[in-house]
Structures are given as structure tokens and as C-alpha cells.
1. Tell me, please, whether a residue that is in contact with a Phe, Trp or Tyr (Cβ under 9 Å, 6 or more places away or on another chain), surrounded by fewer than 16 Cβ atoms within 10 Å (Cβ to Cβ), among the hydroxyl-bearing types (S, T, Y) and within 20 Å of T106 (Cβ to Cβ) can be found in the stretch 150-164.
2. Looking at D113, is it free of Cβ contacts under 8 Å to residues at least 60 places away in the same chain, within 13 Å of the chain's Cα centre (by Cα) and in a helix (DSSP H, G or I)?
3. Please work out which one of (1) touching a helix residue (DSSP H, G or I) at 6+ places or on another chain (Cβ under 7 Å); (2) part of a loop (DSSP other than H, G, I, E, B) is the condition T164 fails and give its number.
4. From T157, T135, T164, grab the single residue that is among the polar types (S, T, N, Q) and under 23 Å from H54 (Cα atoms).
5. Kindly evaluate V75 against the criterion of being part of a helix (DSSP H, G or I) and open to solvent by less than 30 Å² (accessible area, probe 1.4 Å).
6. Identify, from the list P19, P13, P6, the residue that is in a loop (DSSP other than H, G, I, E, B) and farther than 30 Å from E103 by Cα.
7. Would you be able to say whether some residue in the stretch 31-42 is closer than 14 Å to T73 by Cα, open to solvent by 100 Å² or more (accessible area, probe 1.4 Å), modelled with pLDDT of 95 or more and among the acidic types (D, E)?
8. Are any of the residues in the stretch 126-137 part of a strand (DSSP E or B) and at pLDDT below 95?
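The values are calculated or read from the model by the stated rules, or taken from the named source; none is laboratory data. Just so we're clear, the structure is a prediction, and the values are computed from it rather than from any experiment. All Cβ positions, glycine included, derive from the backbone under ideal geometry; neighbour counts span all protein chains shown. Quick note on the areas: whole protein, heavy atoms, side chains included, nothing else; ligands and nucleic acids left out. Shrake-Rupley method; radii C 1.70, N 1.55, O 1.52, S 1.80 Å.
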Amino acid sequence: KVQQRPFVAFIWPKAAHEPFIPAPWYLDTWDPSWPDVEPRTPNWNCSAASRKGHHGNIATQPMIDDAAATVITGVFKNRWRALLSVDDVVDATIKQTQALGVESHTYFFFSSDHGFELGQFNIIMDKRHVYDWNTRVPLYVKGPGVAAGSTFALPATNVDLAPTFLDLLGVPPHKGMDGRSFAAALRRDTATRA
């Protein structure tokens, strides 16, 4: 039976937060096509001289030794494995909307919290520094009028989600509500195709 009334479902898995323990059935999963180590950007295990002008503990971090590198790679792989369960939840959710006959008129928003550093500026693992890899938040949207593979350059943050949800429902936001709707950008014909 097709759902007639609008509904909202929030699903918030904890993965891939610490303690980074994958589901038992994914504990040893690692496909040969996946990377052997975490992304090792130019600032991964970088010299003290290159960090000299940086704030706080960035400037004073020791070099990453083999034992620390092993921990970093283990965290990277277990976070990846933990996300396989999130993939399962996303898949099951979409399949359920298909079974209910509501997928074609349902918006799916997939996001996360901020990024995570694993060895950048010699920090073994953290997320509290104001660098691009920590502050970016992924957001993927699927739904009516959203062209597959499209993107838009409008800056948006988590505070913009509630006004966007209301806008998609045709409900005006509360007068004092923070954030702005980006629904028009999602459905815009001029959105860039990826």
C-alpha cells in the first residue's frame, strides 16, 4: 500500500566512531581492490620544520614511527569495515521504500559528521583541528527532481537541513529558524552534472 501521509525517518548509526569495531561478519573483510593504507597526503608524517608555524600541538608532534603507523592503518581499515554496516542500512532502507511503493516520491539525505585525520600533521587520530579534511561534511541527496550525479556550489551546513526538509514538504520555516533552504538548488536544472 502506498503511504499517503508525509513521513520522516532519521537513522543515525554510530559507525564509524571510536571504538571502530566492525560487525563480526565484517571483522576480517578487506577487498584486494581497496587501499592497503590510509590516504597519505604530503602532510602525513611531515617534518618538524614544515609544522613549525602551526598552532598548538601540531608543531610539537613527534614523527610517526612504525608502531604508530600500524595503529593508524588499523583504525583506517576498521572504520572502513564498520561503514559496510552503514551501507547495509542504506540498502535496506531504500529497499523498504521500494517495497512500500514510496521510493519515487521520497527524498533520501545521507550525511555524516565532520572528517577525521589519520596521520596528517603527525596526529595519529583526531578531529578537532580546523583543517579542510576535518571540517568537510559529506551530503548526498536522492529524490524527485534531483538529477543523478548533479552538484551545486552553494555553501551549506547542517543548520540548513531543517529549513530544506520543511521547504521540500511545502511548509514555511519558523520565523526565527536558523539556516536557509537549499531545496531549489537540489532541483535546479542548472545544477552541474558530475
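1. No: the stretch 150-164 contains no residue that is in contact with a Phe, Trp or Tyr (Cβ under 9 Å, 6 or more places away or on another chain), surrounded by fewer than 16 Cβ atoms within 10 Å (Cβ to Cβ), among the hydroxyl-bearing types (S, T, Y) and within 20 Å of T106 (Cβ to Cβ).
2. no
3. (2)
4. T135
5. When the stated conditions are applied, V75 passes them.
6. Testing whether each residue is in a loop (DSSP other than H, G, I, E, B) and farther than 30 Å from E103 by Cα leaves just P19.
7. yes
8. yes
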